[in-house]
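A short write-up of the structure that comes next.
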Amino acid sequence: MSGKALLLDLSPLRESPPFRSIVIARTIAVFGIGMLIVAVPVQIFALTGSTAHVGFASTVTGVATLVGLLTGGVLADRYDRRRLIVWTRTLCGLAFVGLALNAASAAPSVWAIYALGAVDGAIGAVSITALLAVTPALIPENSFAAAGAINALTVQLGMMAAPALGGVVIATGGVTWNYWAAAAGTLLTVPLLATLPELRPDETDETDGESPWESLTGGFRFALSRNIVRSVLIVGTIALLGGGVGVLIPAFVEQRFDGDPRTAGLLYSATAVGAAMGSVGSGWIGRVRRKGYVLVLALAASFLALAGVGLAPMVWVALVLLAVAGAFGAVQEIMAYTVIQTNTPDRLLGRANSLWSAQNVFGLSVGSAVAGLIGTAFVASTALIVYGVIMVSLSVLALISLASLRDYVDHTVDDVVDHSLDGGSPGATPEHSGTESLEPEELR
């Protein structure tokens, strides 16, 4: 396999202008969220001097985001997804405008920050869910892995750069400019997104007369009854339970590296850098037939690297191991995205993606709590080892027990191989979602 074949496959961006518009919009959405993550706590602490207020604001926004993800899944499976995306991006931009006007006022309201932050979190989540749901309709099925890698990379780069950019903007001109920048970027994407084709979910009689609650529970029933999707979500839960390693870093730096805050900052960045590198080098993923098997192995490898961090005698060793963990974590995420898109009918893509995204929001909080509990029982270095070993064990258990995932074969790889031999790339077919061939009995 050539070195070029190992790099991120950018063909979906070249060949599908609608997908390219979606990626631009998602990238700006992630930057907006990153700016919000910095601006809201900084402004609230400046106004109140209370970390409790800062924590409460974070909780409110997190709950609103979770509700928005679940609601967005239902809406994306009922209405034209293009119209939903355009309206939600517009409302997000207006919410940022509200935050900017509040910040510029003589007496900014803390409660307005809570409310507008929650609105932006909820509506932004609806937008992201709809953006994820339309992707399979805009590219060929054998490009799902490439699309997943591109999506993952935009999120990783955005969350690496946006908080830093937000901090610079705040230091230069204050939080007001932070909100104005986020508002301008968000609203500028609306005309771009308005050029998308009509993106209605597949017609089905199953939603006739169905309440939103019934629609939501129908998404849960699908996820639980479709073995391969259920298995991916189970493995995703394990991944997120192991995502709380950041809780242990301050104590680990204090114990091993004299409490240097610069070291802590580098360690926090290393995983994200590794994840970005894993996405950039993801060209091979589309050619893997046994995606379920490799998914779990990548997850186990990431936790094994985390366990090794607890043994690291020098900072550079810990940095390398955290970067390796991030790279394998990115592989796991791209594999999971590909399997879910490939095995979900178009009429359920909104709800399936919303459940997957909601799992990320909720699971990371639980993982942080688990890491905190382990950190109270052991010194930091030992806690990292114990934490990593437990997660590796759970990954191996998943590989043994989840036969549907272990034995899953991605037959779209045949198309990728045939295409690579032809030396070309199939054009994107907006009508093709890659899931039309799934018969009802296959979904039970």
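Results, tabulated for the structure shown:
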read-out: Selection status of residue 386, open to solvent by less than 60 Å² (accessible area, probe 1.4 Å), part of a helix (DSSP H, G or I) and modelled with pLDDT under 50; value: no
read-out: Pair list, Cβ under 9 Å, 6 or more apart: region 350-373 residue modelled with pLDDT under 80 and of a type in the set (Phe, Trp, Tyr), other residue in a helix (DSSP H, G or I) and open to solvent by 40 Å² or more (accessible area, probe 1.4 Å); value: 362/66
read-out: Elements of type helices (runs of 4 or more DSSP H) in region 1-108, at least 2 residues being surrounded by fewer than 21 Cβ atoms within 10 Å (Cβ to Cβ) and within 18 Å of the chain's Cα centre (by Cα); value: 17-48, 51-76
read-out: Count - residues of region 284-301 that are open to solvent by 10 Å² or more (accessible area, probe 1.4 Å) and within 23 Å of the chain's Cα centre (by Cα); value: 10
read-out: Failed criterion for residue 131 (all others in (1) modelled with pLDDT of 80 or more; (2) more than 18 Å from residue 355 (Cβ to Cβ) hold); value: (2)
read-out: Residue list for region 112-136, filter: charged (D, E, K, R) and in contact with a Gly (Cβ under 7 Å, 6 or more places away or on another chain); value: none
read-out: Set 200, 256: member being in contact with a Phe, Trp or Tyr (Cβ under 9 Å, 6 or more places away or on another chain), open to solvent by 60 Å² or more (accessible area, probe 1.4 Å) and in contact (Cβ under 8 Å) with a residue 12 or more places away in the chain; value: 200
read-out: Pairs where the first residue, in region 218-231, is closer than 13 Å to residue 353 by Cα and part of a helix (DSSP H, G or I) and the second is of a type in the set (Asp, Glu) and modelled with pLDDT of 80 or more, C-beta under 9 Å, 6+ apart; value: 219/77
read-out: Search result, residues across region 109-156 that are of a type in the set (S, T, N, Q) and in a loop (DSSP other than H, G, I, E, B); value: 109
read-out: Criterion: touching a residue at least 24 places away in the same chain (Cβ under 8 Å) and under 30 Å from residue 201 (Cα atoms) - qualifying residue of 293, 337; value: 337
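The values are calculated or read from the model by the stated rules, or taken from the named source; none is laboratory data. Predicted, not measured: the structure shown is a model, and the values here were computed from it. Ideal geometry is used to build each Cβ from the backbone, glycine not excepted, and the neighbour counts take in all protein chains shown. For the accessible areas, the whole protein counts, side chains as well, though only heavy atoms, and no ligand, DNA or RNA atoms are used. Shrake-Rupley method; radii C 1.70, N 1.55, O 1.52, S 1.80 Å.
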